[in-house]
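As structure tokens, the structure follows; a few thoughts come after it.
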Amino acid sequence: MVRGIRGATTIDVNTEQAISEATSELVTKMIEANQIVPESVAHVLITVTEDVTAAFPAKIVRQFPGWSYVPVVCAQEIPVPGSLPKCIRILMTVNTDVKQDQIVHVYQREATKLRPDLSTSES
């Protein structure tokens with residue numbers, strides 16, 4: 001079965017270090033919470049708001065052990081007025097036997113506002 005696993009986070013400042021740290025933290029939590037192995041990942045789509053330009057989050061994902069062959073791409077979010085600024089969103093498409101309602105979607109930092117119904121105490 002193919003499932004989508006979502007995650008989102010924010011950065012305080014548009015720097016390579018902030019993007020790297022936030023992306024790494026988010027992907028690590030997504031992997032741990034859903035017991036993801038790179039071989040099960042079909043692809044990863046990462047979107048960023050127009051104010052996140054200092055680095056490619058996809059580059060960070062490819063640096064995880066075993067993830068160098070996973071197809072990863074970055075794109076820009078639609079700049080909707082009033083939307084959450086400095087946001088990084090991730091959609092992993094994964095082959096898994098886990099039921100839809102058992103997938104753990106991860107929302108961190110200010111991104112918990114995007115889906116409070118799916119967010120835990122991550123901040």
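The values are calculated or read from the model by the stated rules, or taken from the named source; none is laboratory data. Just so it is clear, the model here is predicted, and its values are computed rather than measured. For neighbour counting, all protein chains shown are included, and Cβ atoms are generated from backbone atoms with ideal geometry for every residue, glycine included.
In this structure, does VAL94 turn out to be more than 16 Å from ALA8 (Cα to Cα), modelled with pLDDT of 95 or more, of a type in the set (A, V, I, L, M) and surrounded by 17 or more Cβ atoms within 10 Å (Cβ to Cβ)? Talk me through it step by step, then tell me what you get.
Numbers: more than 16 Å from ALA8 (Cα to Cα): yes; modelled with pLDDT of 95 or more: yes; of a type in the set (A, V, I, L, M): yes; surrounded by 17 or more Cβ atoms within 10 Å (Cβ to Cβ): yes.
When the stated conditions are applied, VAL94 passes them.
Counting just the residues of segment 72-110 that are of a type in the set (Lys, Arg) and in contact (Cβ under 8 Å) with a residue 60 or more places away in the chain, which one comes out farthest from ILE36 (Cα to Cα)? Spell out how you get there, then give the answer.
Of all residues in segment 72-110, those of a type in the set (Lys, Arg) come to 86, 89, 99, 109.
Checking which are in contact (Cβ under 8 Å) with a residue 60 or more places away in the chain leaves us with 86, 89, 109.
Values: LYS86: 26, ARG89: 18, ARG109: 22 Å.
Taking the candidates together, the pick is LYS86.
Only residues that are within 14 Å of THR23 (Cβ to Cβ) and in contact with a strand residue (DSSP E or B) (Cβ under 7 Å, 6 or more places away or on another chain): list them for segment 35-69, please.
Listed by number, the residues that qualify are VAL44, LEU45, ILE46, THR47, VAL48, THR49, VAL52, PHE56, PRO57, ALA58, VAL61, ARG62.
Would you check if there is a residue in segment 49-65 being closer than 17 Å to VAL94 by Cβ, crowded, with 21+ Cβ neighbours inside 10 Å and at pLDDT 95 or above?
Yes.
Does ALA33 satisfy being hydrophobic (A, V, I, L, M, F, W, C), surrounded by 13 or more Cβ atoms within 10 Å (Cβ to Cβ) and under 26 Å from ASP117 (Cα atoms)?
Numbers: hydrophobic (A, V, I, L, M, F, W, C): yes; surrounded by 13 or more Cβ atoms within 10 Å (Cβ to Cβ): yes; under 26 Å from ASP117 (Cα atoms): yes.
For ALA33, the condition - hydrophobic (A, V, I, L, M, F, W, C), surrounded by 13 or more Cβ atoms within 10 Å (Cβ to Cβ) and under 26 Å from ASP117 (Cα atoms) - is met.
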